Every structure is written in C-alpha cells, then in structure tokens.
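Q: Would you mind keeping the following structure in view while I ask a few things?
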Amino acid sequence: MTSIPPEFLLSSYHYDLPPEYIASTPLLPPEQAKLLVYERATGRITHSSFAHVFDFFPQNALVVLNDTKVIKARLYGYKASGGRVELLIHNPHNLCYFNAQIKGRISQGSMIDLGQGYSCEVLTPPSNLRQVCFHHHQKPLKWEKVLNMLELLGHMPIPPYLKRADTPTDIQTYQSVFAKHPGAIAAPTASLHFSERAKEHLLAHFQHAFLTLHVGAGTFVGVECADIREHPMHAEALFIPEETQRALDRAPYILCVGTTALRGVEHYKRGEALKPCDLFLHPGNPVTHAQALLTNFHLPKSTLIMLVASMVGLQTCLELYKIAIEHKYRFYSYGDGMLIL
C-alpha cells in the first residue's frame, strides 16, 4: 500500500482551537481586527491591525475583490407531519431547480410548507446536496421569484459553528461593503474587514478589479476523503467582466482579497473563464498566478486552509495558525485576518 504524503493527508490539516477563539460577532468598527502579515520571501511575521492594512499593500498591486452579495438563503419550514425542517438554498441548478442542504429527515417527493403560500418540493433522495423546486400557491418559481421569496422569508446564512440564531445586525455585518450581485450563501469573509471609509481609500489609491464568484458548496462543504486529492469540488458560478480580464492580463502583481477572489483569478488565468469554478487549490495544485492573499483564519480540514497551505506550505501554514492562537487572534468568518505577501 502506497503511503500518502503528509501534505495530502486530511488529518494533517487538523489543529486544536479553544472555543473562546471563535469570533461569534464582528468587531465594530472592523478596522479594529488584528492582522498577521507573513512575508514569504523572508519569513518575516508582523502583528498589526486592519487599520494599517494598506501600509502593507504593494503600490503596484492589482487588488482583486469578489462583489458577490449574500442572499437570505436559510429557510425554515414544516413537513406534512408537523416536523420542522431547515434548508440552505444554493445557486440554481437550472431556471426552476435548486440544490439545497436539508436538516431533518425527509423523503423524496415530500412537500415542505414555508408559509405565506410558499412551499418546497424535494425532488431527490437523501444526500449532502438535494435537488428541490419552489412553488407559490402551487405555481413553480424561477430564480428571480425565489430571490423575492428568500428576501421575504429567509434568514442570513451565518455559519453553524457560531451556534446562535441570526440577528438583524447580521444583515449588515455579514455583508461586504463591496457586495453587488446577489447569489452567495456565505460571505467572502476577508472583505468583511473593510468599512465604507476603507473601501473609498482602496478604490481611490490602488488599482482594483472585481469578479463575482457566488460562494456556495464548493467553498465550504467539508473534506471527508483521507487523501484530500480525492475531494470533489462543487462548481460555483463565476463571472469575470472583460475589464477585469484585461486588468488581470497586464497586472505585474495580483493581491486577492479573499480565497474566492483568488480561486476566481486562478481559474481565469488557467484558461477556464467560461466555466463555473470548481478549482481546488492545495499543495499538489498550488497558486501560480496571484502573488498575495488577504484572508481569515479558517476551519480545520477545510478546503480553505488547504488553499493557504498551497501558498506557504503545510508546515508553515500550521505554524502561522499556532502563532495566531498564541497571540489570541479571533478565528473564522467574524474573526481576524492574515495577509500573505
């Protein structure tokens, strides 16, 4: 039996995080968040804050941002038996069919009552992602009408590890100031560190470009394969405007704000611009076109920490996370951040 190199072992991406280091709410103003800056060329580590993040951005950098907008993708409903069901809605499978994660036992063909005349029909057998369609007074709904329904009935899809219900505050704080195009079911969290004032400074003083990657299952569905190379990435909708494509083609230095922006850049630079993004970046498939990444501290055994390892190496990645814990950084979506140069 051939042994799996450590950088491809799922178990290699485990780390122990004290529960109190999980940020359940954001810091306000967001510039208060801590920032760990790691320079790959020298190994130098600097501890700073997001109030000073632009001091570390190279002046010749093209800063690439994801302008996706989080939708109220979490729904609650009831089975015919009266049992409660939770749904997390993903991007459309086509005009009328959608992928969804469903909490609660429910069989194929069942209807879920969502209230106010809305219902959800479960079209496929139990699995991690199930296909569903929506109705209003028995009339099938297409994507635009589903968005209207989610705005009316849905909840902000804050991560389950926060172990709390969403609040009205999350409508603002779990949405990037760059958000423009609805479709994400999770926030591109590195962007959450920017206030309106920081956004204005960035747009005024740095070359910048936007792409839209609708964060979905490809970003946050957990890895379960012992060999991470066998993990199947779910495709996510990606749109890269021609203006952004031209900027990427001529940029001498690319700094991505967030892992989704980075995956979008790498996807485009590898000649896949016209396809949905199913790119899985890890030490065996490293980042080759972007020079810098601004990101948060991610869940153990996630594709996101594997992406970080693809830039700095497995051991350095784990060491940086250890240092962040020692310095009491706040982790995950509402937590502190790291700039890799």
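The values are calculated or read from the model by the stated rules, or taken from the named source; none is laboratory data. Note that this is a predicted model, so its numbers are computed, not measured. Backbone-built Cβ (ideal geometry, glycine too); neighbour counts: all protein chains shown. Heavy atoms of the whole protein, side chains included, go into the accessibility calculation; ligands, DNA and RNA do not. Shrake-Rupley method; radii C 1.70, N 1.55, O 1.52, S 1.80 Å.
Q: For the chain, build the charge dipole from Cβ charges (+1 Lys, Arg; -1 Asp, Glu) around the Cα centre, then report which of Leu88, Gly218, Thr288 sits farthest towards its positive end.
A: Highest projection toward the positive end goes to Leu88.
Q: Per the Kirkwood formula on distinct C-alpha pairs, the Rh of region 167-308 is how many angstrom? Numbers along the way, then the final one.
A: Details: mean 1/r = 0.0631 Å⁻¹.
Averaging 1/r across every pair of different Cα atoms and inverting gives 15.8 Å.
Q: Using alpha-carbon positions, what is the distance between the centroids of region 221-271 and region 14-44, in Å?
A: That distance is 23 Å.
Q: Let's test the formula: R0 of 30 Å, r as the Cβ-Cβ distance of Lys199 and Cys96. What FRET efficiency results, to the nearest 0.05?
A: 0.25
Q: At a Förster distance of 35 Å, what's the computed FRET efficiency of Phe206 paired with His14, Cβ-Cβ distance as r, to 0.05? Intermediate values should be presented prior to the final figure.
A: Details: r = 36 Å, r/R0 = 1.04.
According to the calculation, E is roughly 0.45.
Q: To the nearest 20 debye, what charge dipole does the chain have about its Cα centre, counting +1 at the Cβ of each Lys and Arg and -1 at the Cβ of each Asp and Glu? Kindly include the intermediate steps, with their values, before the conclusion.
A: Details: 30 positive and 29 negative charges, 113 e Å.
Its charge dipole is roughly 540 debye.
Q: May I pose another question? Go ahead and run the numbers for FRET between Glu242 and Thr288, Cβ-Cβ distance against an R0 of 25 Å, rounding to 0.05. Walk me through the intermediate numbers first.
A: Working: r = 23 Å, r/R0 = 0.91.
My answer for the efficiency is 0.65.
Q: If you don't mind, there's one more thing I want to ask. Can you tell me the order of 235-241, 220-226, 99-105 when each peptide is scored by its average per-residue count of other Cβ atoms within 10 angstrom, highest first?
A: Details: 235-241: 19.3, 220-226: 14.3, 99-105: 17.3.
In decreasing order of mean packing, 235-241, 220-226, 99-105 become 235-241, 99-105, 220-226.
Q: Counting only protein heavy atoms and a 1.4 Å probe, tell me what percentage of region 175-245's accessible area is made up of carbon and sulfur.
A: On the way: 1570 of 3180 Å².
The C+S portion of the solvent-accessible surface of region 175-245 is 50 percent.
Q: Assign one of three labels to region 1-61, namely rounded, prolate or oblate, based on the Cα gyration tensor with a ≥ b ≥ c the square roots of its eigenvalues; rounded applies when a/c is under 1.5, prolate when it is not and a/b is larger than b/c, and oblate otherwise. Let's see the in-between values first.
A: Working: a/c = 3.29, a/b = 1.45, b/c = 2.27.
Note, shape of region 1-61 comes out oblate.
Q: Rounded, prolate or oblate: which fits region 146-221 when a ≥ b ≥ c are the square roots of the eigenvalues of the alpha-carbon gyration tensor, with rounded for a/c under 1.5 and prolate only if a/b beats b/c?
A: On the way: a/c = 1.82, a/b = 1.66, b/c = 1.10.
Prolate is the answer for region 146-221, as a/c is 1.5 or above and a/b outweighs b/c.
Q: Tell me, in nm to one decimal, what length is gained between Ala226 and Ala165 on full extension, where the rule is 0.36 nm per residue of separation less the Cα-Cα distance?
A: 18.7 nm
Q: Still on this model: Per residue, how many Å² of accessible area does the chain show with a 1.4 Å probe?
A: Numbers: 15670 Å² over 341 residues.
Ligands and nucleic acids excluded, the result is 46 Å² per residue.
Q: Using the Cα centre of region 63-220 as the reference point, and only Cβ charges (+1 on K/R, -1 on D/E), how large is the resulting charge dipole? Debye, rounded to the nearest 20. Walk me through the numbers before you get to the answer.
A: Details: 16 positive and 10 negative charges, 69 e Å.
It comes to approximately 340 debye.
Q: Using a probe of 1.4 angstrom, how much of the accessible area of region 1-72 is carbon and sulfur, in percent?
A: Working: 2070 of 3730 Å².
Summing carbon and sulfur atoms, their accessible area is 55 percent of the total for region 1-72.
Q: For the pair His136 and Thr124, how long in nm is the line joining their label points, each one 7 Å along Cα→Cβ?
A: Distance between the two pseudo-spin positions: 2.6 nm.
Q: Here is a further query. From the residues Met338, Met156, Leu238, which one has its Cα farthest along the dipole of the chain in the positive direction, the dipole being from +1 and -1 charges on Cβ of Lys/Arg and Asp/Glu about the Cα centre?
A: Most positive-ward Cα: Met156.
Q: With a ≥ b ≥ c the root eigenvalues of the C-alpha gyration tensor of region 1-115, is it rounded (a/c under 1.5), prolate (a/b larger than b/c) or oblate?
A: Details: a/c = 2.26, a/b = 1.72, b/c = 1.31.
Cα axes put region 1-115 in the prolate bin.
Q: Still on this structure: Just subtract the alpha-carbon distance of Gln32 and Ser3 from 0.36 nm times their residue separation and send over the number in nm, one decimal.
A: Values: separation 29, 0.36 × 29 = 10.44 nm, distance 4.48 nm.
6.0 nm is the gain from fully extending Gln32 to Ser3.
Q: In nm, to one decimal, how far is the His327 label point from the Gln59 one, both placed 7 Å along Cα→Cβ?
A: The modelled label-to-label distance comes out at 2.6 nm.
Q: Could you size up the charge dipole of region 263-341 around its Cα centre, putting +1 on the beta carbon of Lys and Arg and -1 on that of Asp and Glu, and report it in debye to the nearest 20?
A: 80 debye
Q: As a test of reading the structure, rank Thr316, Thr295 by solvent-accessible area (1.4 Å probe, protein chains only), most first.
A: Values: Thr316 45, Thr295 5 Å².
Accessible-area ranking of Thr316, Thr295, largest first: Thr316, Thr295.
Q: With unit charges on the beta carbon (Lys/Arg positive, Asp/Glu negative), name the residue among Ile185, Phe134, Ser110 whose Cα is farthest towards the positive pole of the charge dipole of region 97-204.
A: Most positive-ward Cα: Ser110.
Q: Among (1) 1.00; (2) 1.07; (3) 1.16, which is the computed Cα Rg over 2.2 N^0.38 Å?
A: It is the value labelled (1).
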